[in-house]
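Okay, structure first, notes after.
All of the numbers you see were taken from the coordinates with simple rules; none came from a lab. All values reported here derive from a predicted model rather than from experimental measurement. Cβ placement follows ideal geometry from the backbone for every residue including glycine, while neighbour counts extend to all protein chains displayed.
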Amino acid sequence: MNPLDHLNCAYYTPLTSLNKVERMPISKPKGALIPNGYVEWVSQLKNDIRTAQTKAMLAVNAGMITLYWHIGREIAARQEANGWGSHIIPQLADDLRSEFPDMKGFSTRNLGYMKSFAAAWPSELILQQLAAKLPWVHNCVLIDKVKDPGVREWYARAACENGWSRAVLVHQIDTDLYRRDGKSQNNFELTVPPPQSDMVKAVFKDQYIFDFIELAHDAHERHLEAKLTEKVTKFLLEMGKGFAFLGSQYHIEFGGQDFYIDLLLYHTRLHRYVVIDLKMDQFTPEYAGKMNFYINLVNNHVKTDHDNPTVGLILCRERNNLIVDYSLGGIVTPIAVSDYRPNVLPHELAKELPKPNEMSAKLVEIMAEAEGDEA
């Protein structure tokens, strides 16, 4: 297929727009009877149409990305073969915009991106497998922020698999997800049979970035728990794809006593409950024993026969890798230990900030003064 065949594609419509399709009810003329099976048939037709729309948009995007790659490769080849300098790109931009005034994307800056894009993905096979499945803005982010080809390919693959928006892709790169992903300290190889052990290991990170919450230096575990619960959408985004939030301070009664799990999640791909224990200090061996107890509670009082055995995640502010290894040795339940990084308010600043009730009172006072001035 000649990439130039897609010149009639003026711009790319984000696939997220498909999520906004309004589900209209079945229209029913007054007095008419809906035959049996009609509603189900129409529902299936609507799904077929939406699927076709999605495939069409993907084809348009792939065609445009391939075209951009072709233009970028042509620019680089002509400059090298003919000794053309950088001035050729502004000239080309003027000529293309003059010929195709209704098309976007032929600015001098974007043509420069096309040249860099072709250099970043020299293999057309990898281009079609990864880059052509991403919107152009995603590819520009990868060009700007990721210089290592292997790391760039990793982020492109993750973006395709997880459906990241541009903002999420930027966040994952800025927080160095490549280094953190699938690298928690754990005992999975000894407690989870292969190949499930590799799958379980892949979903837990070495460090979790909770930069969407702010904590004072003297905050307690319940403060962290409350903040994560309040920002549960961002919390689950940082945890990764497949996690579902089931509750905080999850109550289980056993042996005549009440026990409360900080956070209980479920991973829909692993089909496992995930117990999270939050700690505001450095990891200590006692934490592994407590987590082992919680995992046994969930396995015996929450898990069903359809679920795989429960996994535990201990989140600490700091950890000593040697202490963690010794603490997990001999424990037969799967446990991971990771640290986390929140936004911590400096102690002096935290003391100076007004409390929420003080801010509300001040706001009422300001509004009252404004009304008095208007009168």
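Based on Cα contacts under 8 Å between residues 6+ apart, the range 224-335 shows a relative contact order of 22 percent. If each of F259 and K234 carries a label point 7 Å out from its Cα toward its Cβ, how far apart are those two points in nm? Using points 7 Å along Cα→Cβ, the separation is 3.3 nm. For the range 132-237, the spread of Cα positions along the three principal axes, ordered from largest to smallest, is 45, 37, 21 Å. Between V60, H70, N82, the Cα set farthest toward the positive side of the dipole of the range 44-102 (charges on each charged residue's Cβ, about the Cα centre) is that of V60. Per residue, the average separation of C-alpha pairs within less than 8 Å and at least 6 apart gives the range 67-205 a relative contact order of 17 percent.
Counting Lys and Arg as +1 and Asp and Glu as -1, each charge on the Cβ, what is the dipole of the range 192-266 about the Cα centre in debye, to the nearest 20?
Details: 7 positive and 12 negative charges, 68 e Å.
Dipole about the Cα centre, nearest 20: 320 debye.
Based on Cβ point charges of +1 for Lys and Arg and -1 for Asp and Glu, what charge dipole magnitude is obtained for the range 269-338 about its Cα centre, in debye rounded to the nearest 20?
On the way: 7 positive and 7 negative charges, 29 e Å.
The dipole magnitude comes to about 140 debye.
The simple spin-label model puts a point 7 Å past each Cα toward its Cβ; for Q91 and A216 those points are separated by 6.6 nm.
The phi torsions of the range 281-291, fed into the Karplus equation with coefficients 6.51, -1.76 and 1.60 and a -60° offset, translate into couplings of 10, 6, 4, 10, x, 4, 5, 5, x, 5, 5 Hz, rounded to whole numbers, with Gly and Pro shown as x. Close amide H pairs (under 5 Å, H built 1.01 Å from N) link F210 with R341, residues at least 5 positions away or on another chain. In the range 67-218, a dipole from Cβ-located charges (positive for Lys and Arg, negative for Asp and Glu) runs towards its positive end, and of P135, L92, P193 it is L92 whose Cα lies farthest in that direction. Each Lys and Arg contributes +1 and each Asp and Glu -1, all at the Cβ; summed about the Cα centre of the range 126-249, the dipole is approximately 380 debye. Under 5 Å between amide hydrogens, built in the peptide plane, is the criterion, and for Q282 it picks out E318 among residues at least 5 positions away or on other chains.
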